[in-house]
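Here the structure is laid out as structure tokens; the discussion comes afterwards.
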């Protein structure tokens, strides 16, 4: 039976996060359900709004859902510049701790940078992570020109990053920051590096979802996660009908299907 005190603590946490969000629609989400819980981690400069279709699908599958807002998100680009990897890792651990107190070991699903964060979480909290699903998660950034651009100026200078969600299907809205600072871009590279270093420490079953046409996170990232993760149960599923924002694109229903199946019966190695 779910602990009512633990549920109350999650609701208090969500209400505290809501108070810090200044962008309408970017609020955290908590949906209690009858089955094991999912912690859903959004990507860099995004919000829980960007994973709304995953929240809906997994909730309809009976799972409890917590999708927190990472520090510096849901406000403005200046706030994002004042946060970084340790803030995001700490926030994810806090959410995991609260959710697992209510539901026991939980499933973690991370999108893009949220997937890199999920890898770190699985390494840091092995007894609390029942399984890990990554979606277009970077464990290396194959972008040398972007790296040089980020290194070549002041930390707080804002650069144009966002061109709308990269989708094959019809345009979909997403709440995010059109501009992001050099410092925060460097933080993204750091998150990928930290995830790469953490992969050999992962024991939980891992489902790696990767768009083969992703122009942001090269598909070789999925191969790297599969190769380096220490999990005895791990596999890749390739997504063929989406670009980087797969959770908003034509593959979004397939992602929910894979995640639901995996949460019920994690599968052995497959590539």
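Every read-out reported here was derived from the displayed coordinates using simple, explicitly stated rules and does not represent laboratory data. For clarity, every value in this text was computed on a predicted model and none was experimentally measured. All Cβ positions, glycine included, derive from the backbone under ideal geometry; neighbour counts span all protein chains shown.
Points to keep in mind about this one:
- Any hit, the range 210-220, residues being touching a helix residue (DSSP H, G or I) at 6+ places or on another chain (Cβ under 8 Å), surrounded by 22 or more Cβ atoms within 10 Å (Cβ to Cβ), touching a residue at least 12 places away in the same chain (Cβ under 8 Å) and part of a strand (DSSP E or B): yes
- The set of residues from the range 161-188 being in contact with a strand residue (DSSP E or B) (Cβ under 6 Å, 6 or more places away or on another chain) and outside any loop (DSSP other than H, G, I, E, B) comprises 179, 181.
- Unique residue being touching a helix residue (DSSP H, G or I) at 6+ places or on another chain (Cβ under 6 Å) and on the phi > 0 side of the Ramachandran plot when the list is 62, 72, 43: 72
Results for (1) in contact with a helix residue (DSSP H, G or I) (Cβ under 6 Å, 6 or more places away or on another chain); (2) in a strand (DSSP E or B); (3) touching a residue at least 40 places away in the same chain (Cβ under 8 Å), shown as yes or no for each residue.
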residue	(1), (2), (3)
80	yes, no, yes
102	yes, no, yes
114	no, no, yes
118	no, no, yes
133	yes, yes, yes
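- Taken over the range 24-58, the residue count meeting the criterion of being surrounded by fewer than 24 Cβ atoms within 10 Å (Cβ to Cβ), free of Cβ contacts under 8 Å to residues at least 24 places away in the same chain and within 25 Å of residue 138 (Cβ to Cβ) is 1.
- Residue 61 meets all of the listed conditions (1) under 20 Å from residue 207 (Cα atoms); (2) crowded, with 24+ Cβ neighbours inside 10 Å but one, namely (2).
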